[in-house]
C-alpha cells in the first residue's frame, strides 16, 4: 500500500496564507502598462498633424455614398444589411482618421468599438427573442387560411387555357423565337425572368429583352428596349411582342436607369423583395417590386406590406399598400415567402414544443409548387403532407399571389411526385421527364396535368392523373386529346339508363369531323330531328362504311335533342 504512494508528497498547511505578492505585482504591472499606453496615445494624439476633422468626415460620407450606390441597402432598422452598412461606415471613418485625420485615435476608437458592439449585438439579441421558440403562435398566423370546397371554388377551364409551360420550357421556346429575328438577336438577349401572368384571361409567361453587353447598351440605350417575349402557356407558342413604349428602365440598364437603383433612390427606407416584369392589358411594360416588412418583433416574420409599380418606359414609380395594388397586377407576393409562411402555419399551430416533440397535426408543404390561373388572378398551389412524408397529401393550398388570400382544400390524395412517377410509368420506354404538375378540376375531381418532356426540355406528351387515385392515368399527345380521353373513360352520363332506347334508323346524311386526332361522326336520320353523335372508337369499324340509305341500330339515352350512340352500328 505504502509503495503505491512513494511518488506523491501531499503537504496541507491550512494555517499558512498563500503568497500573493507576485499576483499583486502582475496586476499592478498590467494596470501600469495600460496607463502608460493611454498616456502614450494621448501624447501621440496631441502631436498628430492631420487634416481637418470635417475633411475626414466628408471623405467618409463620399465613400459611403459610393458604397450605397453600388450595394443599395435599405436604410431601415428592420433590414440586416443596414447594420452592416453602418458598421462599414464606422470602420471606414476610423481608418481614414488614423491615416489622414488628427482626431484622438484612442478616444474615437473606443467609442467606435462600443458602437460596433451595439450594432452587432442588438440585432442578435432582439432577433433571438423573435424566433419561433418564443413566438410560435405569431408565426403560425402570418398567413390566414380558409377552408374551401375544391369543386365549388376551382372551376373547370377549357383546354386552350390550361398552362403547361414551366419556366425552363419557356426559356427554351423563347430562345428559339428570339433566334428567328436576326436584327434583334444581334443586339439583345432575353432576360431569364419569365414571369407567369394573365393577359386578357390567357396564362402566359413574359420576359423583356436585355442589352447583350456594355457596347450594345451604349448603342441602344437611347431608344430603349422595344420588345418582350410572350410564351403562351397553353399552346407552347412564343411571340416577340413590340411594347407600346420602349423600356428605358430595366434590370439590364446601368447607373440610374437600373430599375432597382432607380427605386432605391426614390424609396431609400423600403425593404425590397423580388422584382417581376409584367405587362398590362394595353401592352405597357411595368416592373412590380414587392415591399417587405417584419411582423414579429423587430426582425422576425417577414411579410409583404405593399408593392412599387414602376413604368418601364417613363420610370414613374408609385407605392401601393397590398389592398390598393391595381387589379391587373398578378405578382406581389414572392412564391418562396408564401411557402415559408405555409410551413410556419403547419409547424407551429399547436406550439413550438409540439413541432419538435409529439408533432401532433404538424404538416408541411410538398417539395414543389406551381401556378394556376383562377378568376383572372395567379394562384400558387402546393400539396400539404404530414411531417413524416408518406407520399400522400392531406389536401392542397391555393394562394392568390396578389392579395395572399389562401384556401385549403381537404382532399386526401397522392402527392405530386407519386403522380409524376405514375405518369412516366405509362410511357417509360420514351424516357420522358415529368414536369411539376398543374392541378385542374376535371369533372369536379382534383386532377394532375403533367407535361412529359423530352431531352430538349419541351413537353411532347401530357398525362392526366386522378389525384385521389393516381392509378387512373391517361396519356396523350396534346392537352385536348388527353382531356378527351379522360372524359371518355370516366364519363358515365351517357351509359344506358332507365330511359335507354334501342332504335333502328335510316341514314339520311352522315358527316365526320376530325378533332385533335379523334374522328367524330354526326348522323341525321330520315324523318327524325335528333342528331346522332359518336366516335370511331365507340362505334367500331363498320361506321367507316356507313352511307346514306343504310339502316342502323342504335342504343342509348336521348337528351337535349341529341342521341349519344354507344353501341356499334349494324349496317344493312
Efficiency of FRET from Cβ geometry, residue 293 and residue 460, R₀ 41 Å, rounded to 0.05 = 0.35
Using the count of nearby Cβ atoms within 10 Å as a rough guide to exposure, how do 185, 229 rank from fewest to most?
-> 185, 229
Can you list the residues of the range 135-175 with backbone N under 16 Å from a point 7 Å past the Cα of residue 353, pointing along Cα to Cβ?
-> 135-137
The equivalent-ellipsoid semi-axes of the range 308-440, taken as the square roots of five times the Cα gyration tensor eigenvalues and listed largest first in whole Å, are 31, 23, 12
Extension length gain for residue 321 and residue 200 (0.36 nm per residue less Cα distance), in nm, is 41.1 nm
Two-decimal Rg/Rh of the range 414-490 from alpha-carbon positions, Kirkwood Rh?
-> 0.93
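I need 103, 233, 271, 256 ordered by Cβ neighbour count within 10 Å, fewest first.
Placing the least packed residue first, the sequence is 256, 103, 271, 233.
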Roughly what would the spin-label model give for residue 544 and residue 430, points 7 Å off Cα along C-beta, in nm?
-> 2.4
If packing is taken as the mean number of other Cβ atoms within 10 Å per residue, what is the order of 212-225, 418-431, highest first?
-> 418-431, 212-225
Relative contact order for the range 141-410 using alpha-carbon pairs under 8 Å, separation at least 6, rounded to a whole percent?
-> 17
Considering the Cα trace of the range 141-410, what is its radius of gyration and what is Dmax, both in angstroms?
-> 20.1, 64
Label-point separation (nm) for residue 281 and residue 61, each offset 7 Å from Cα along Cα-to-Cβ?
-> 5.0
Relative to the present Cα-Cα distance, how much length would full extension add between residue 120 and residue 506 at 0.36 nm per residue of separation?
-> 129.9 nm
Mark the label point 7 Å from the Cα of residue 52 along Cα→Cβ and return the residues of the range 82-110 whose backbone N is within less than 17 Å of it.
-> 97, 100-103
Computed over the range 231-345, the relative contact order (Cα-Cα under 8 Å, seq sep at least six) in percent reads 20
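Bear in mind these aren't lab numbers, they're just calculated from the coordinates by the rules spelled out. All of these numbers come straight from a predicted model, not from anything done at the bench. Cβ atoms come from the backbone with ideal geometry, glycine included; neighbour counts cover every protein chain shown.
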